[in-house]
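Colleague: Got a structure for you, written out below as structure tokens; questions coming shortly.
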Amino acid sequence: MRYKLAVFDLDGTLLDSLKDLWASVNVILKAHNHPERSLEEIRQFVGNGSVKLIERAVPAGTSKEEEKIIHDEYKEYYDKHCNDLTKAYDGILDVLKVLKNNGVKLAILSNKPNFTVEKLNDIYFEGLFEIARGSLPEVAVKPAPDSLLRILEELQISKEDTVYIGDSDVDVNTAKNAGVDEIAVTWGFRDKDFLEANGATTFANKCEELLDLI
Ligand SMILES: O=C(O)COP(=O)(O)O
């Protein structure tokens with residue numbers, strides 16, 4: 001294998017989670033008498049963590065105080081409903097197992113709240129990941145390189161031996177900012193043209209292609 005460590009984004013890369021994100025945002029918007037958002041809008045709003053998701057979803061003119069209340073309610077609701085409609089992308093679990101059997105260390109790095117990432121990791125990934133990390137209050141979220149570099153340090157793996165795999169411009173930029181190689185997957189929340197326009201150079205169109213690339 002080319003790399004010793006493969007770090008994966010979660011939403012849109014390992015898990016098809018869009019419908020639960022969409023449904024949860026809308027439950028809270030509705031409770032506050034705000035207009036609901038379409039699935040396509042939520043697809044575009046996801047990627048920079050839950051604070052940004054809510055900032056983008058509330059109507060213009062919403063006060064910062066209300067936005068914070070909506071965010072807190074959303075986080076609590078979504079944590080309970082993060083696995084109602086979500087599923088792992090077909091074939092991804094087998095790919096992860098092959099990588100692990102070939103000696104590649106695996107980690108998750110997401111901008112989702114950390115407790116939700118830990119929960120989904122327990123549900124789906126059978127202990128395959130050394131680290132399953134979401135956003136932590138003391139660490140800057142992606143595309144800042146901090147959280148990715150922290151994982152490298154914890155696992156004692158160099159940048160040269162690491163690849164970051166994700167489905168969004170945020171993920172491409174995270175890898176670039178950290179100085180590690182990146183693979184953009186095209187089955188997630190952003191299309192290939194968009195990813196290419198945002199600097200992605202290596203693509204996986206089907207999850208089995210990751211085996212050759214990693
Ligand atoms: O919560 C988000 O905005 C995105 O989550 P991700 O980093 O797993 O894609």
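The values are calculated or read from the model by the stated rules, or taken from the named source; none is laboratory data. Because the structure is predicted, anything quoted here is derived from the model rather than measured. Please note: Cβ atoms are built from the backbone with ideal geometry, for glycine as well, and neighbour counts cover all protein chains shown. SASA here: full protein model, heavy atoms, side chains in, ligands and nucleic acids out. Shrake-Rupley method; radii C 1.70, N 1.55, O 1.52, S 1.80 Å.
Colleague: Which whole-number percent is the relative contact order of the chain (Cα, under 8 Å, 6+ apart)?
Modeller: 26
Colleague: Here is a follow-up. So if the hydrodynamic radius of the chain is defined as the Kirkwood radius over C-alpha pairs, what does Stokes-Einstein give as its diffusion coefficient at 4 °C and 1.567 mPa s, in µm² per second?
Modeller: Once the numbers are plugged in, D ends up at 74 µm²/s.
Colleague: At R0 = 41 Å, how high is the FRET efficiency between Glu208 and Glu65 if r is their beta carbon distance? Nearest 0.05 is fine. Please list the in-between numbers first.
Modeller: Details: r = 48 Å, r/R0 = 1.18.
Once rounded, the FRET efficiency stands at 0.25.
Colleague: Need one word for segment 77-141: rounded, prolate or oblate. Basis is the Cα gyration tensor (sqrt eigenvalues a ≥ b ≥ c); a/c below 1.5 gives rounded, then a/b vs b/c decides.
Modeller: Oblate.
Colleague: Return the whole-Å distance between the Cα centroid of segment 14-72 and the Cα centroid of segment 102-123.
Modeller: Cα centres, segment 14-72 to segment 102-123: 22 Å.
Colleague: Give the relative contact order (percent, whole number) for segment 49-142; include only Cα pairs under 8 Å separated by 6+ residues. Before the final figure, lay out the partial values.
Modeller: Details: 78 pairs, mean separation 27.0, N = 94.
So the answer I get is 29 percent.
Colleague: Would you mind finding the longest exposed-site-free stretch of the chain, with exposed GluC sites (Glu not before Pro) meaning DSSP loop and at most 16 other Cβ atoms within 10 Å?
Modeller: Answer from the scan: 37-125.
Colleague: Can you pull the percent of segment 18-81's accessible area that's carbon plus sulfur, 1.4 Å probe, other chains left in place? Write down the numbers at each step before the final one.
Modeller: Values: 1880 of 3400 Å².
On segment 18-81, the fraction of accessible area on carbon and sulfur atoms equals 55 percent.
Colleague: Leaving out ligands and nucleic acids, note down the accessible area per residue over the chain with a 1.4 angstrom probe, in whole Å².
Modeller: I get 46 Å² per residue for this part.
Colleague: For the chain, what is the mean residue ellipticity at 222 nm derived from helices alone (per DSSP H run of n ≥ 4: -39500 (n - 2.57); sum divided by total residues; nearest 500 deg cm²/dmol)?
Modeller: It lands at -13500 deg cm²/dmol.
Colleague: Nearest-5 percent of antiparallel DSSP beta bridges in the chain?
Modeller: So the antiparallel bridges in the chain amount to around 10 percent.
Colleague: Based on the alpha-carbon gyration tensor of segment 18-81 and its eigenvalue square roots a ≥ b ≥ c, which shape applies: rounded if a/c is under 1.5, prolate if not and a/b is larger than b/c, or oblate?
Modeller: rounded
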